[in-house]
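Heads up, the thing below is written out as structure tokens.
The values are calculated or read from the model by the stated rules, or taken from the named source; none is laboratory data. Keep in mind it's a predicted model, so treat the numbers as computed, not measured. Every residue, glycine as well, gets a Cβ built from its backbone with ideal geometry; the counts of neighbours run over all protein chains shown. Accessible surface is based on the protein model in full, side chains and every heavy atom, while ligands, DNA and RNA are left aside. Shrake-Rupley method; radii C 1.70, N 1.55, O 1.52, S 1.80 Å.
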Amino acid sequence: QVQLVESGGGLVQPGGSLRLSCAASGSTVSINVMGWYRQAPGKPRELVAQMSTSGGYTNYAESVQGRFTISRDNAKNTVYLQMNSLKTDDTAGYYCRAERIRTDYWGQGTQVTVSS
């Protein structure tokens, strides 16, 4: 089993920045992909960004390209999402996902609200 704990959400004004963190624990060996998804009220959950733990693969939603950056610290089993130039449309619950041996694990989520 893998446990994921997100942190770093909050309220920020448009144009501001936030950094989300997702710490993995438990059976972290053989996690091959970690990423971030988000879900706004009334909308389906969507991919924001993901990366392989080897660092050889990253993927971003078109809506966040050039504004968000995903990174990892393998020694800490932690993945980060640096979010810059935030827009009101970025308001959502943000969820961390880990893929291990073709099984998905999810965190509880952290709320990001972009509002003036």
Restricting the stretch 89-101 to residues that are open to solvent by 20 Å² or more (accessible area, probe 1.4 Å) and free of Cβ contacts under 8 Å to residues at least 60 places away in the same chain, the residue that is farthest from VAL12 (Cα to Cα) | ASP89
Quick one: how many residues across the stretch 28-58 are within 15 Å of THR69 (Cβ to Cβ) and among the polar types (S, T, N, Q)?
-> 2
Which pairs do you get when a residue that is hydrophobic (A, V, I, L, M, F, W, C), found in the stretch 1-25, comes within reach of a residue that is in a loop (DSSP other than H, G, I, E, B) and at pLDDT below 95, reach meaning Cβ atoms under 6 angstrom, with the pair 6+ apart or on two chains?
-> VAL2/SER27; ALA24/ASN77
Quick one: count up the residues across the stretch 27-49 that are loosely packed, with under 13 Cβ neighbours inside 10 Å, β-branched (Val, Ile, Thr) and touching a strand residue (DSSP E or B) at 6+ places or on another chain (Cβ under 6 Å).
-> 0
Among the residues of the stretch 50-88, count how many are of a type in the set (A, V, I, L, M) and in contact (Cβ under 8 Å) with a residue 60 or more places away in the chain.
-> 3
Is it the case that the stretch 72-88 has a residue that's polar (S, T, N, Q), closer than 19 Å to GLN111 by Cβ and surrounded by fewer than 13 Cβ atoms within 10 Å (Cβ to Cβ)?
-> yes
Here are some residues: ALA24, ALA61. Which one is touching an Asp or Glu at 6+ places or on another chain (Cβ under 9 Å) and surrounded by 12 or more Cβ atoms within 10 Å (Cβ to Cβ)?
-> ALA61
Does SER116 fit the bill of being in a loop (DSSP other than H, G, I, E, B), loosely packed, with under 13 Cβ neighbours inside 10 Å and touching a residue at least 60 places away in the same chain (Cβ under 8 Å)?
-> yes
Only one of GLY16, GLY10, GLY55 is in contact with a Leu (Cβ under 6 Å, 6 or more places away or on another chain) and either open to solvent by less than 40 Å² (accessible area, probe 1.4 Å) or among the polar types (S, T, N, Q) (or both), namely GLY16
